[in-house]
Amino acid sequence: MDTFSIVFVCTGNRFRSPLAEAFVRRLTLGLPVTTDSYGTLDVGRAPALREAVEIAQACGVDLSLHRTRQVGQSSLADVDLLIGFEQAHVRLAVVDGDAPRSRSFTLGEFVRLLPTVEIAEQGRVVERAREIVHKLDNFRATAARASVSDETPDPFGGAWNTYRATAADIRESSILLAAALFGATNTRGLPPVPTRRNRQIGFWRR
């Protein structure tokens, strides 16, 4: 069965990329889509950050079994879409992971470019998604170059509100990506990131 593969890359593979992978996987349940994630740093087989696990749980997804992997451990040459959170992630995935440059974007860049392409209503899911990625790559040749504004900063070491805001941005971008590429618009299985955290029990409140 032909499937559309998405790989997310951040620095440690402990917060941004595992959350995005889990969010998109939940949004595309039942569709021919595979998701994966890596980091650019070698941190062994570390778990997701506690903050990522707690936020994921509040959003209905499970990161308790996640363990980090580094770019370069597997070839990314055949990936249909490579999403980094900083330009450095994309560059390293292309150089060390063999990811195709034409199919590699930062998350912010990808979402920014989406309104520029006409999305066909009909067509097979995988073929349509690949055509959209191809159109976005063609358009960015004449669009504004990717900049720092297209990056999603690493919240590591920041306040809880920083983690929450970053996760909320990733969730929103994941929804836009899944809707545009696959027509997946049902978000009931992915509740919003809660706005407050109960410090005593470690869970989030809406």
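A compact table of results
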quantity: Using a Förster distance of 30 Å, the FRET efficiency for SER102-ARG196 (Cβ separation, nearest 0.05); calculated: 0.10
quantity: Most to least packed among 105-114, 36-45, 21-30 [average Cβ atoms within 10 Å]; calculated: 105-114, 21-30, 36-45
quantity: Angle between the chain longest axis and helix 87-97 axis [Cα atoms, degrees, rounded to 10]; calculated: 70
quantity: Neighbourhood charge, 12 Å Cβ-Cβ cut-off, centred on SER74 and excluding it, Lys, Arg +1 and Asp, Glu -1; calculated: -3
quantity: Rounded to 10°, Cα long-axis angle of helix 125-140 versus longest principal axis of the chain; calculated: 80
quantity: Residue-averaged 222 nm ellipticity for the chain, from DSSP H runs of 4+ at -39500 (n - 2.57), nearest 500; calculated: -12000 deg cm²/dmol
quantity: Förster radius 35 Å - calculated FRET efficiency between GLU118 and ALA159, Cβ distance, rounded to 0.05; calculated: 0.25
quantity: Rounded to 5, percent antiparallel among DSSP beta bridges of the chain; calculated: 20
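Rule-based calculations on the coordinates, nothing more; no lab input. Note that the structure is predicted; figures quoted are calculated from it, not measured. A quick note on method: Cβ atoms are made from the backbone with ideal geometry, for glycine too, and the neighbour counts reach across all protein chains shown.
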